Structures are given as C-alpha cells and as structure tokens.
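Here's the structure we're looking at; comments come further down.
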Amino acid sequence: MHTFQFIRPKNSAAAVADAAQAKTAQQGADVRFIGGGTTLLDLMKLNVETPARVLDINRLPLDKIEATPDGGLEIGATVRNSDLAHHPTVQRDYAVLSQAILNGASAQLRNMATTAGNLLQRTRCMYFRDTAMACNKREPGTGCPAITGSNRTLAILGTSEHCIATNPSDMCVAMAALEATIHVQGPKGSRAIPIGDFHLLPGNTPQRETVLEPGDLITHVTLPAPVAGSKQLYLKLRDRASYEFALASAAVVITSAGGNVTRVRIALGGVGTKPWRSPEAEAALVGQPVNQANFRNAAETALRDAKPQSENAFKIELAKRCLTHALEMATA
Ligand SMILES: Cc1cc2nc3c(=O)[nH]c(=O)nc-3n(C[C@H](O)[C@H](O)[C@H](O)COP(=O)(O)OP(=O)(O)OC[C@H]3O[C@@H](n4cnc5c(N)ncnc54)[C@H](O)[C@@H]3O)c2cc1C
Ligand code: SF4
C-alpha cells in the first residue's frame, strides 16, 4: 500500500477545511474521510484509491440516532450499520431499512460500516478493482472493458456507453424507497440532498458518482415520519444466501385501503447504476387492486427501459420476479 498521512480532525469544521483542499470531489480524491474503512481500505490495498491524506471522522459526534421534531428519524453519519439495523425505532417504523442492511455483507463488516460510508461504497465491477485493466471510472478516457467482457453482475438500468457499473448498496435501495435526505456540511455551508439526487448516472463522467464537492462531509441522514399502516419489505436475490451482493433486489413501502393500493414506493437494487427508484412503477400501481397481475404489471413498467449486456439479460426477468414477489410478500 502507498504511504499516506492519517489525521484526526478536532471537529466537523476542521474536517471540512482539511478535505476542502482536495483537488477533486470525494471519490478518488487525494484527501479522504474514513468511516469504517471497509470500502476505502480495501481499495487502498488494491492501489485503486491512493489518497495522500486520510481524515478519521470516527471521533466526531456524528454517531446518534434521534427522533426529529416532525416525527422522522435522524441518523448520524458514523452510526454503524449494525446499530442502525437493530435500533428499535428502525425495526418498528422503517423495517425495510433494517432488512436491507441485514441482507448486506457480514456481521463483522456491518459492525464497522457507517451510514455515510455505505452511501459512498463503490462498484464491485472487477475491472474497476484491477489497476492492470482499463476503466473509465478509475481512469477517465481509458475505456470500459466490461461492455464486451465480464458483465454478468453489472447494470441494466441507467447505463451509458462509458460505464455499466452497478451501485452495490442494499441500504441505499431502502433509503430510496423511504425518501431519505442526506445532509452535508461543506466549505460553503450546509445543504440537504434528497437521496434521488445524490447519486449520479455515469453518462460521460463515470468517475463522478455523487453530487458531493471537495470538502463535503456527510453529517447525517433524515427519514420522513413513517407512513401509518404501510407495509414494508426488502427482498434480495443473489448467487448465495449470505455475504454476497444483489443480482436483483427490491424495496417496497406499500399502503392499501379497501383492497386498492393508495400509496407505494418502489426501489430496485443490483440492476441500476444508482439505487433505482421507479416512479413509473409506483404510478402504475396506485389506485389498482392489490393483486399479483397488477404487481407484475408494475414490475414490467419498472424494467421497461432495461438494456441488457452480453451476460446479464437474465436480470430483466429476475428483477421483475423480485419486485412482483416483494409486493406479494409485503401485502400477504
Ligand atoms: C466482503 C464485503 C462484502 C460486502 N457485501 C455487501 C453487501 O452485500 N451489500 C452492501 O450493501 N454492501 C456490502 N459491502 C459494502 C459495505 O457495506 C461497505 O463497504 C460499507 O458500507 C462502507 O462503509 P464504511 O464506513 O466502511 O466506508 P469507508 O470505507 O470508511 O468509506 C467509504 C467512502 O465514503 C467516504 N466517507 C465516509 N464517511 C464519510 C462522510 N461522513 N462524509 C463524506 N464521505 C465519507 C470515504 O472517503 C470513502 O470514499 C461489502 C463489503 C465487503 C468488504
Ligand atoms: S463498467 Fe464502469 S467500472 Fe466497470 S470497467 Fe466499465 S467503466 Fe470501469
């Protein structure tokens, strides 16, 4: 591993000021925050990430889970994934989030991984993680060998001719369905970013994965007040039962009255270049009777624009079945 300076900033303002000296935005930047380190240290060992300075934010007071005045929940940036998944309020009111986190990684990893770090985890595309290979995300302009190469696990929604990498997070899919907001403290002040606007599509700039600017510190995430009477479910399909990323997953938050769907939020994982909320599928379902045919129709709608690669056409049907089944299980 290359050498780097390890710094413990005294407070958030000092952390932001230090990180603001980075030449580029967070991903790939030469000055980096570190939470649990389960993404960053892995990539540093592979020489994919080579920051000159690493800022340890674990001693900043960002580790609380608290109710907000409007009945929602505030989750600190350094709250560990396991603490979040096992928090009684999360288990009761935001079950889809608890389920999504517990479906990810392993107990040891979840004990280290933080809320902010999970939001910024990077793709598992094998070319990205191998510095002997070309990769537009790691080295812009070098090409995307995945498009003609190994792409079985990669994305079918939101891809571009420059990158087809999947966003691997489970937590983010549940947060998309819960309409989370990400709060950032930066050199120019604080701002709140809806999760749908936080991750970027690859387009011509796959190296830029989020709207974060140099110096931006994620301080916390908020969830709106839970929807009374909603049923929630996270379903993850993968090659083996644990310790594996999603081939397809679905987070659903659904409310019905008199046998008809009154409100639904749908997000997909394992298939998109970002956590994939589907407003089209939601619109197709609202007002319709709660039944398998309508769930399948919503799934068809969600995958309408899917673009398969040479090895992953199977994901289209898999994702449709995943979403249909998740809706059935949630409303059973
Ligand atoms: C073997 C293995 C299996 C896994 N399986 C799964 C899985 O099935 N599902 C899944 O969802 N995930 C999985 N993961 C990924 C895991 O969830 C992430 O590595 C973890 O969530 C990252 O959190 P962290 O705190 O360790 O991040 P770190 O490595 O500390 O940081 C990640 C990124 O976030 C930045 N960062 C951290 N905190 C902040 C902040 N407050 N503000 C701004 N930037 C910040 C860092 O600079 C870095 O770029 C797996 C990981 C491994 C190693
Ligand atoms: S899919 Fe994206 S991350 Fe993978 S090789 Fe292509 S450019 Fe790199």
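The values are calculated or read from the model by the stated rules, or taken from the named source; none is laboratory data. All values derive from a computational prediction rather than experimental measurement. Glycine also receives a Cβ, built like all others from the backbone with ideal geometry; neighbour counts cover every protein chain displayed. Just so you know, the surface numbers come from the protein's heavy atoms only, side chains and all, with ligands and any DNA or RNA stripped out. Shrake-Rupley method; radii C 1.70, N 1.55, O 1.52, S 1.80 Å.
Summary of computed values
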quantity	calculated
In Hz, Karplus ³J(HN,Hα) per residue of segment 224-232 (6.51, -1.76, 1.60; θ = phi - 60°; x = Gly, Pro)	x, 4, x, 7, 4, x, 6, 10, 10
Surface per residue (accessible, 1.4 Å probe) for segment 177-332, Å²	42
Euclidean distance between Cα centres, segment 1-73 to segment 298-332, Å	35
Options LEU97, ASN81, THR159, ranked by Cα towards positive dipole end of segment 54-210, top entry (Cβ charges)	THR159
Lysine pair count for the chain [Cα-Cα under 19 Å; pairs on different chains or 8 or more apart]	13
Extension gain (nm, one decimal) between ASN260 and GLU244, 0.36 nm per residue minus Cα-Cα	2.2 nm
Long-range amide H partners of THR210 with built H, under 5 Å	LEU200
Potential extension, LEU200-GLN21 segment - 0.36 nm per residue separation minus Cα distance	62.2 nm
Solvent exposure of segment 40-96 as accessible area per residue, Å², 1.4 Å probe	46
On Cα atoms only, tilt of 314-331 relative to the major axis of the chain in degrees	60
Residue among PHE314, PHE245, PHE295 with the largest mean-square fluctuation in a Gaussian network model of the chain, springs linking Cα atoms under 10 Å	PHE314
Long-range HN-HN contacts of CYS125 with modeled amide H, under 5 Å	THR166
Long-range HN-HN contacts of PHE33 with modeled amide H, under 5 Å	LEU55
Contour minus Cα-Cα distance for ARG124 and LYS45 (0.36 nm per residue)	27.0 nm
Label point at GLU66 placed 7 Å out along Cα→Cβ; residues across segment 170-191 whose backbone nitrogen lies under 18 Å	181-185, 190-191
Lys, Arg +1 and Asp, Glu -1 on Cβ, resulting dipole of segment 26-95 about Cα centre, debye, nearest 20	220
Between 0 and 90°, nearest 10: helix 292-302 axis offset from the chain longest Cα axis	40
Assigned charges on the beta-carbon of Lys, Arg, Asp, Glu; segment 23-171 dipole about Cα centre (debye)	400
